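The values are calculated or read from the model by the stated rules, or taken from the named source; none is laboratory data. It should be emphasised that the depicted structure is a prediction, and the values quoted were computed from it without experimental measurement. Cβ coordinates were reconstructed from backbone atoms using ideal geometry, including for glycine residues, and neighbour counts include every protein chain displayed.
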Amino acid sequence: MYEKEEAKLHDLQKDLEKLSIPEDELNQAIQQGMQIAKSSKRRKKRSFKRIAWSISIAALLFITLVTSIRVSPAFAKTVASIPGLERLVDLIQYDKGLQAIVDNEYYEAIGVSQTKDNIKVTIDGVIVDESGMVIFYTTESPKKLSSGDYGKIEIFHNGKSLESSTEYGNPDQEDKQYRTGEITFTFGEQQKYSSKEFELKLNLRNEKKTSFSIPFTLKKDIQKGKVFTINKEIIMDGQKIVIEDITLYPLRVAVNMTFDQLNTMRILNFEDIRIEDEHGEVWGSIRNGITSFGGNDDHQRTFFLQSNFFKQPKNLYLKFDRVQALPKEDAYIIVDLDKKKVLKRSYEDKVVVTNISQHSMKAKMKVKNGDKHFGLIYKVKDANNKKIDIPSIALWFDDENNEANWEVELKPQKIANPVKFYFSDYPNYLKRSTSIQIK
């Protein structure tokens, strides 16, 4: 089934042999390509330098990284057919929905640039649907870029900023003159577009606080979501969950749920929520970006899954088994930041607070080998029940001791102690497996 892709790669190799490529750039591309292969589990820390010819990039990567072309035919197809897709190639290894987007030519190459303060930002390509947008970009500078961080990032449509949750990749490209990355916008509500014209606005956190406003226009039609009304009630360990509806978009699948306010437990997360077709093919949780909307104590939540939008299965099922939940009175820990004391420990004492300051808290927890998905904290409230801003939450893993570590940093301000740190994830589960037919 991959004969066309294989033939195309063989043609690329022949073309490569005819090209004159500087030896230093060739060696650098090979070394960086090998590093990408070695660090496949660290999505946000991978990139390679684009050299003069996109065709040579494709051939170099595959000659270097793949001993058998059939190991990753879709990856080959992507790089060989569309220029400027370094980050998309990186992402599709983790998301079957993005793989299908490329295979079905829904990705759109843009190639629009803007230069400010001798820094050039190029929008390489875009994926847009009613649920969000992914922008693949390149940043270039005559001087080394000291940081990949950005200030405010917004996407505009018809002069209006689209409300969204924004996440951008921060690959390990420190002190480089050339960077690639992606910006993911997840919209708070379904968007209905009146045109195909957009504008990306972003600010660099450099000395000059350089700002960019880059307009771009799509040529492809924006696919509309496919809505399935479910309205099915599930009871797990006495906790009532209602699956309201499911919408399939090219970028993601949105599963809307409500939790009974009389539930005695707070539903935290669905570890293995997934969609399966009649053949058992699975589309699991989003691995790159926002996985859900709505706080853990909200009545309504939206969970995002990888998309099977471009598939046409006869039957579809929503399934989940490992649902995280805690008794409502145990869904948080209480810490006095001033006195540096833990007043209420975690449920069954699984989370250990290791360090406390006036505006931060460090904690750790034993995890199973390879289990690295826990976000831990999503909300903090002070003694007056006032929500405290959380500028950043750092997460790292001690593989040797199988420990997850967190550092929660709060906005510097006067805080009424003690404060409550609410869990977004916790290894405590409801019993029962669930399967719901979508179609």
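Output the residues belonging to segment 190-210 that are within 24 Å of the chain's Cα centre (by Cα) and surrounded by 12 or more Cβ atoms within 10 Å (Cβ to Cβ).
Let us first name the residues in segment 190-210 that are within 24 Å of the chain's Cα centre (by Cα), namely 190-193, 198-205.
Gln190, Gln191, Tyr193, Phe198, Glu199, Leu200, Lys201, Leu202, Asn203, Leu204, Arg205 - these are the residues of segment 190-210 that are within 24 Å of the chain's Cα centre (by Cα) and surrounded by 12 or more Cβ atoms within 10 Å (Cβ to Cβ).
Just for segment 240-276: of the residues that are part of a strand (DSSP E or B) and polar (S, T, N, Q), which one is nearest to Tyr378 (Cα to Cα)?
Taking segment 240-276 first, the residues part of a strand (DSSP E or B) are 240-248, 253-259, 265-270, 274-276.
Checking the rest, the ones that are also polar (S, T, N, Q) come to 247, 256, 258, 269.
On the way: Thr247: 25, Asn256: 19, Thr258: 19, Asn269: 12 Å.
Checking each candidate, the answer is Asn269.
Among the residues of segment 246-257, is any over 24 Å from the mean Cα position of the chain (by Cα), among the β-branched types (Val, Ile, Thr) and modelled with pLDDT of 95 or more? Before the answer, list the steps.
In the first step, residues of segment 246-257 are kept if they are over 24 Å from the mean Cα position of the chain (by Cα); the result is none.
No - not one qualifying residue is present in segment 246-257.
If I filter segment 334-345 for residues that are under 20 Å from Asn269 (Cα atoms) and outside the structural domain of Ile241 (by TED's automatic domain parsing), do I get at least one hit?
Checking segment 334-345: not a single residue is under 20 Å from Asn269 (Cα atoms) and outside the structural domain of Ile241 (by TED's automatic domain parsing).
Considering (1) farther than 27 Å from Lys96 by Cα; (2) among the charged types (D, E, K, R); (3) at pLDDT 95 or above, say which one Asp237 fails and leave the rest.
(3)
Cβ-Cβ below 7 Å, separation at least six or inter-chain, first residue in segment 157-168 and over 15 Å from Leu202 (Cα atoms), second among the hydroxyl-bearing types (Ser, Thr, Tyr): which pairs?
Asn158/Ser194; Asn158/Ser195
So which strands (runs of 3 or more DSSP E) are wholly in segment 342-439 and hold at least 1 residues that are under 30 Å from Pro313 (Cβ atoms) and touching a Leu at 6+ places or on another chain (Cβ under 6 Å)?
Numbers: elements: 351-357, 360-366, 377-381, 392-398, 403-409, 419-423, 434-437.
Filter on segment 342-439 gives 434-437.
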